[in-house]
Amino acid sequence: MIPQQASLTSRDVLVPVFSVVLALLAGSVFILIVGENPITAYGVLFRESFGSVRNIAATLQRATPLVFTGLAVAFAFRCGLFNIGAEGQLYVGAMVAAIIGVSLTGLPRLIHLPLAVVAGMLAGGVWAFVPGILKAKLGVHEVINTIMMNFIAYFLTDYLVTGPFHGGRWAPETDRVADTATLARLFPPTRLNGGIIIAVAAIAVIYVILWKTRIGYEIRAVGFNPTAAEYGGISVSRNMVLAMVLSGACASLAGVEQVLGVHGRFIQRFSPDLGFVGIAVALLGKNHPVGVLLAAILFGALRTGGAAMDRLTDVPRELIVIIQAMIIMFVAADELTRSLLRRRRPV
Amino acid sequence: MAPILEMRGITKRFPGVVANDDITLSIQEGEIHALVGENGSGKSTLMNILYGLYHADAGEIVFRGRPTTISDARDAIELGLGMVFQHFMLVDTLTVAENVILGAEPAKLRFVDYRTAVERVEALARDYGLAVDARAKVSDISVGQQQRVEILKALYRNAKVLILDEPTAVLTPQETEELFDVLKNLRGQGTTIVFITHKIKEVLAISDRVSVLRRGRLEGTRDTAETSHRELAEMVVGREVLLRVEKTPATPGETVASVAGLTVRDRRGGVLVNDVSLEVRRGEVLGIAGVEGNGQQPLVEAITGLLRPESGEITLHGQPIHGLGPMAIKKRRVSYIPEDRHKRGLILDYSVADNLILGLHSEAPFVERYLFRNAKEIAEHAEKLVREYDIRPPNPRQIVRTFSGGNQQKVVVAREFSRNPEFLVCSQPTRGLDIGAIEFIHEEIIRQRDQGTAVLLVSAELDEILSLSDTIGVMYGGRIVAVMPAQESDERRLGYLMLGGDPDTAEGAHLDTPAS
């Protein structure tokens, strides 16, 4: 098969799929150790995540923030940058969206909601701009700076949520955002909300930027070969900064969705490592927007089904973490995974 | 003499191509056997099969009369095969001796016996005339010496047959001479050598016998003494070749590009280009000869906007362009074939079509409404150039990494030449290419000249400089040490100047030193 760009090659599809299968097989060993039947346990896992429309909605709700953080990491990666700062970016985005949502009242939804969303994105973009410009101008490695920016984001939002924007209740959280700033629930009683629509739009937008625009051509060129990009008259530093800012804006949407669509307020340290799981999602999705969507749904399903499996069987929900880790291991060690694939189907 | 090694009926298929098609090759003990062919003719595949890195689909390998299977490099080493790859497999931070013994360390009480290692490596180097300091760090020695370390590695493992994959590609002419002495010395001591190359001159200079591969098949084996440059060239490309570029005398017009007093320094303040002045006229090829690393690359990178000069002027039609970025300079119809197509000239993971618009990607008609790529225009542009420049395979959507070196360079040439440049800068335009591709690119350069383009050609290949240039400058130590009309130069005089000879005493020369 001739490798062509913008389309996923068979290797890009086969390795992740096979990795998931291998991870589930490895997980079944742990299920046996606990004394359960893997088929029963996985049956519960599958039924509770995809078995009914309501379960599917719950899975999609869990997948929504992972789409944003996965896209963010994948997009930066296309420019050759490793954005480990999605977690921090989503916290500042969430906080700014919450502040706009709480403080402003009396606005029509048509203005209030977009304002909160866009302000959150701007905050995330600014947060990623800092490591971006440091990388572009001074060559400081973005991994170091995005991690440090995460800590600044944790403590800054800690302060804001317990200080100036502390809500009326006895808990480290803000007041509820105004109704006009909330993302509507689409399928009660699940918490699936309008964020999923933004997520689908984000997938389309990122896809178009990467493959249908001049900007994407330049960003990918810098990611593949910065010296050739420079030769082609492409500004490496400008594209690095741009890629980081767009990545940060995308990551912040995960926080915005959690605040405006799920919790209705900013809660201190609300994120169950959404930004870091985004790295895994991007990895499994081979940095492709469609791959990211599928990987996010899988991880969402594991979380939804895992909770049920914990409740209904003897298998603890920690098994999900093991499976996730295994998936990442098999995808990362893709040489190993491919050699296993070859052995099964001799050429 | 009996063959030490025979490959019989070797066939290797890759998806879509037959890389080796029923090849039967016999290597005599103690000979230097050259293996020639264009890029992609199957030389490397064949040797990788021999070394156990690939496995043949059909055929057998016979070593000293006994059929053997070589399933990995360890088997090959045990048989007595040694391979020197084009890209060295050395650990830069270790010493020469440490690299040589790596994987086969002499030990005392389970500790590496470093002193014995150094002694053995020194003895080996002395025996075979491979002058290299066993205690030096690999990162501190020259490329030519690194290659000797690779040869020592093979000899240390008792290699009886030494395979060298394009060993001269990375060497200066001087180092090549030295390598040839080493190889002759090895042959004298009974080592059999397989020498892969696509330079026919080298075949004639060093080998006893030569086998020619073309499109995966063996064209034939000859005794070197009984063949000629012309016959081998024909066997390699499968037709008669022009060994000299046919061209009419130049009719230079007004000055297009001029450089005055240009100085470029590296980050640590070292002078790379020292007060260089030159002029390139319409319809003329100015060739810059020189051993690589004498400031040619910083000179062209300063001209094309990739490096910022410290002082001096670069003008195009009298307008200063120094200090402008690469994009602004491109827009003034300056085209540039960079010396390293993988590092500069191409984005290997992009398709042919996307590489063909690199640098034009933000201009109409490839972009519409300022932002969106016009896929139709990009595809049409690519199809046109793929046809015009005969890029193979003719699939604009295929990624460039999968193309042969010659076709990759054609992509660069197609992009740069098709823009109708007024000023064309070519740096080592045919490096690593086979005869067919070299011929094609030479013809295209002359065609550009005849259309009135001003051409600056930088090359370390004297043949190339001599056959294409109308005026020749020689660069040494960051300076242009001499400029002369092409008809007043020959290989000997240029060679003398390139190696730092005094221009004023070059015999029979009345050389113009550049105005400074």
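Please list, by residue number, every one of the trypsin sites (Lys or Arg not before Pro) in segment B:168-275 that is coil in DSSP and has at most 16 other beta-carbon atoms within 10 Å. Each step should come with its number before you reach the end.
Numbers: sites: B:184, B:187, B:199, B:201, B:209, B:214, B:215, B:217, B:222, B:230, B:239, B:244, B:247, B:265, B:267, B:268; in loops: B:199, B:215, B:239, B:244, B:247, B:267, B:268.
Sites meeting the loop and neighbour criteria: B:215, B:239, B:244, B:267, B:268.
Phi angles across segment B:166-176 convert, under the Karplus curve 6.51 cos²θ - 1.76 cosθ + 1.60 with θ = phi - 60°, into 3J(HN,Hα) values of 6, x, 8, 4, 9, 9, 7, x, 4, 5, 4 Hz, Gly and Pro given as x. Using the Cβ-Cβ distance between residue B:384 and residue B:420 with R0 set to 22 Å, the FRET efficiency from 1/(1 + (r/R0)^6) comes to roughly 0.95.
Selection among B:88, B:130, B:112 by position relative to the dipole of segment B:76-207 gives B:112 as farthest towards the positive end (Cβ unit charges, Cα centre).
How high is the relative contact order of chain B, in percent, with contacts defined as C-alpha pairs under 8 Å that are six or more residues apart? Walk me through the numbers before you get to the answer.
On the way: 1027 pairs, mean separation 74.0, N = 516.
The value is 14 percent.
A DSSP coil position with no more than 11 other Cβ atoms inside 10 Å describes none of the GluC sites (Glu not before Pro) in segment B:1-100.
Once you've got the Cα coordinates, tell me which of B:330/B:410; A:137/B:330; B:12/B:376; A:212/A:286; B:153/B:184 are over 28 Å apart.
Violating the 28 Å Cα-Cα cut-off are B:12/B:376.
Under a 5 Å amide H cut-off, with hydrogens placed 1.01 Å from N, residue B:34 pairs with B:195, B:208, B:209, B:210, B:211 among residues at least 5 apart or on other chains.
Counting other beta carbons within 10 Å of each residue's own, what order do A:170, A:127, A:211 fall into, fewest first? Walk me through the intermediate numbers first.
Details: A:170 7, A:127 31, A:211 16.
In increasing order of surrounding Cβ atoms, one gets A:170, A:211, A:127.
With bins 10 Å wide beginning at 0, the percent of Cα pairs of segment A:71-294 falling in each bin runs 9, 34, 34, 17, 5, 0. Across all C-alpha atoms in chain B, the radius of gyration and Dmax reach 24.8, 77 Å.
DSSP beta bridges confined to the protein assembly as shown are antiparallel in about 60 percent of cases. Per-residue ellipticity at 222 nm computed for chain B from its helices equals -9000 deg cm²/dmol, with DSSP H segments shorter than 4 residues left out and the rest contributing -39,500 (n - 2.57). Ignoring aspartates and glutamates fewer than eight residues from residue B:384 along the same chain, the ones with Cα atoms less than 16 angstrom from its Cα are B:354, B:416. Other residues with beta-carbon under 13 Å from the beta-carbon of residue A:135 carry, at +1 per Lys or Arg and -1 per Asp or Glu, a net charge of +1. Mean separation of Cα pairs under 8 Å and 6 or more residues apart, divided by the residue count, gives chain A a relative contact order of 35 percent. For segment B:421-511, applying the loop criterion from DSSP together with a ceiling of 15 other beta carbons within 10 Å to the GluC sites (Glu not before Pro) yields B:507. For segment A:135-140, 3J(HN,Hα) computed residue by residue from phi via the Karplus equation (6.51, -1.76, 1.60; θ = phi - 60°) reads 5, 5, 8, 10, x, 6 Hz, glycine and proline entered as x.
The simple Förster model, with R0 at 60 Å and r as the Cβ-Cβ distance, assigns residue A:33 and residue B:204 a FRET efficiency of 0.25. Averaging the Cα positions of each part gives two centres, and for segment A:35-70 and segment B:429-458 these lie 62 Å apart.
Our summary gives segment B:344-453 a relative contact order of 27 percent, counting only alpha carbon pairs under 8 angstrom and 6 or more residues apart.
Considering only B:480, B:249, B:389, and ranking their Cα positions along the charge dipole of chain B that arises from unit charges at the beta-carbon of Lys, Arg, Asp and Glu, the one farthest toward the positive end is B:389.
Placing a pseudo-label 7 Å from each Cα along the Cα-to-Cβ vector at residue B:274 and residue B:332 gives an inter-label distance of 2.8 nm.
In a reduced charge model with +1 at each Lys and Arg Cβ and -1 at each Asp and Glu Cβ, segment A:238-347 shows a dipole moment near 360 debye about its Cα centre. Here the Karplus relation 6.51 cos²θ - 1.76 cosθ + 1.60, evaluated at θ = phi - 60°, turns the backbone of segment B:75-86 into coupling constants of 4, 4, 5, 4, 5, x, 9, x, 10, 10, 7, 5 Hz, with x for every Gly and Pro. Placing +1 on each Lys and Arg Cβ and -1 on each Asp and Glu Cβ, with no other charges, gives the protein assembly as shown a dipole about its Cα centre of roughly 3540 debye. Close amide H contacts of residue B:374 (hydrogens built in the peptide plane, cut-off under 5 Å, sequence separation of 5 or more or a different chain): B:367, B:368. Placing +1 on the Cβ of every Lys and Arg and -1 on the Cβ of every Asp and Glu, with no other charges, gives chain B a dipole of roughly 1460 debye about its Cα centre.
Projecting label points 7 angstrom from Cα along Cα→Cβ for residue A:40 and residue B:230 puts them 8.8 nm apart.
Laboratory data are not the source of any read-out in this text; all were calculated from the coordinates shown. Given the structure is predicted, the values throughout are model-derived calculations rather than measurements. Methodologically, a virtual Cβ is constructed for each residue, glycine included, from the backbone with ideal geometry; neighbour enumeration extends over all protein chains shown.
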